[in-house]
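Q: A single structure is presented below for examination.
The values are calculated or read from the model by the stated rules, or taken from the named source; none is laboratory data. Every value quoted in this text rests on a predicted model; they were computed, and no experiment measured them. Cβ: placed from backbone, ideal geometry, glycine included. Neighbour counts: every protein chain shown. Please note that ligands, DNA and RNA were not included when accessible areas were found on the heavy atoms of the full protein model with its side chains. Shrake-Rupley method; radii C 1.70, N 1.55, O 1.52, S 1.80 Å.
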Amino acid sequence: IYRGTLSKRGVWVITGLGKYFRQVNKNRNGFLSQAAFKEALKVFHLEIPERDFESLWLILDESKSDKVDYGEFIRAIFGEMNEYRKAFVRKVSFAYMKLDFNKTGSVPMVDVRKCYCAK
């Protein structure tokens, strides 16, 4: 898996795949089957030969559950987060939980305005 700097297209693909995963995850369990993952790669024009796909799947499905979640995918691409990034993510997650009053998973601008003052 590529661990160098990502191009603009690479960033677009990674973030786009995250959004795509959430959209196709119909039962909201956070996991995708092999077939759904293969389809996601096609959507983003990342078709790879079957032999290479099987190798990729073995790396991504580190829990050997025959399904992959976005977290496993990101860890395979970027590796584990260092402590600084983990602390930052915890802070952002805490702030997001405060903003998501209704626990819907999205925050309307009206709610952001209630909590944030740009002065």
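Q: Less than 20 Å apart at the alpha-carbon level, and either on another chain or at least 8 residues along: which aspartates and glutamates does that give for LYS103?
A: Straight-line reach from LYS103, under 20 Å: ASP111.
Q: Which value in Å is the Kirkwood Rh of segment 68-113 over different Cα pairs?
A: Values: mean 1/r = 0.0803 Å⁻¹.
Mean inverse Cα-Cα distance, inverted, gives 12.5 Å.
Q: Would you please give the FRET efficiency between SER55 and CYS117, computed as 1/(1 + (r/R0)^6) with r the Cβ-Cβ distance and R0 = 41 Å, to the nearest 0.05? Kindly include the intermediate steps, with their values, before the conclusion.
A: Details: r = 51 Å, r/R0 = 1.25.
Rounded to the nearest 0.05, the efficiency is 0.20.
Q: Using 22 Å as the Cα-Cα cut-off, could you pick out the over-long pairs in LYS38/LYS64; LYS86/LYS114; LYS98/LYS119; LYS19/LYS42?
A: Numbers: LYS38/LYS64 17 Å; LYS86/LYS114 27 Å; LYS98/LYS119 20 Å; LYS19/LYS42 15 Å.
Among LYS38/LYS64; LYS86/LYS114; LYS98/LYS119; LYS19/LYS42, the Cα-Cα distance tops 22 Å for LYS86/LYS114.
Q: For segment 89-105, just list the computed ³J(HN,Hα) in residue order, Karplus coefficients 6.51, -1.76 and 1.60, θ = phi - 60°, integers in Hz, with x standing in for Gly and Pro.
A: 4, 4, 5, 5, 4, 4, 4, 5, 4, 5, 6, 7, 3, 8, 6, 9, x
Q: Next up: Give me the dipole magnitude in Debye, nearest 20, for segment 24-65 about the Cα centre, with unit charges on the beta carbon: positive for Lys and Arg, negative for Asp and Glu.
A: Numbers: 6 positive and 7 negative charges, 53 e Å.
Using only the charged Cβ atoms, the result is roughly 260 debye.
Q: Using a Förster distance of 30 angstrom, determine the FRET efficiency expected from the C-beta separation of VAL24 and LYS91, and round it to 0.05.
A: 0.50
Q: Out of the total accessible area of segment 79-119 (probe 1.4 Å, heavy atoms of protein only), what percent is carbon and sulfur? Intermediate results must be reported in sequence, preceding the final value.
A: Details: 2400 of 3800 Å².
So the carbon and sulfur contribution to the accessible surface is 63 percent.
Q: Still on this structure, I have one more. Below 8 Å, C-alpha to C-alpha, sequence gap of six or more: please give me the relative contact order for segment 25-119 in percent.
A: Answer for segment 25-119 is 21 percent.
Q: Also, I was wondering about something else. Distance in nm between label sites at SER63 and SER106, each 7 Å beyond Cα in the beta-carbon direction?
A: Distance between the two pseudo-spin positions: 2.6 nm.
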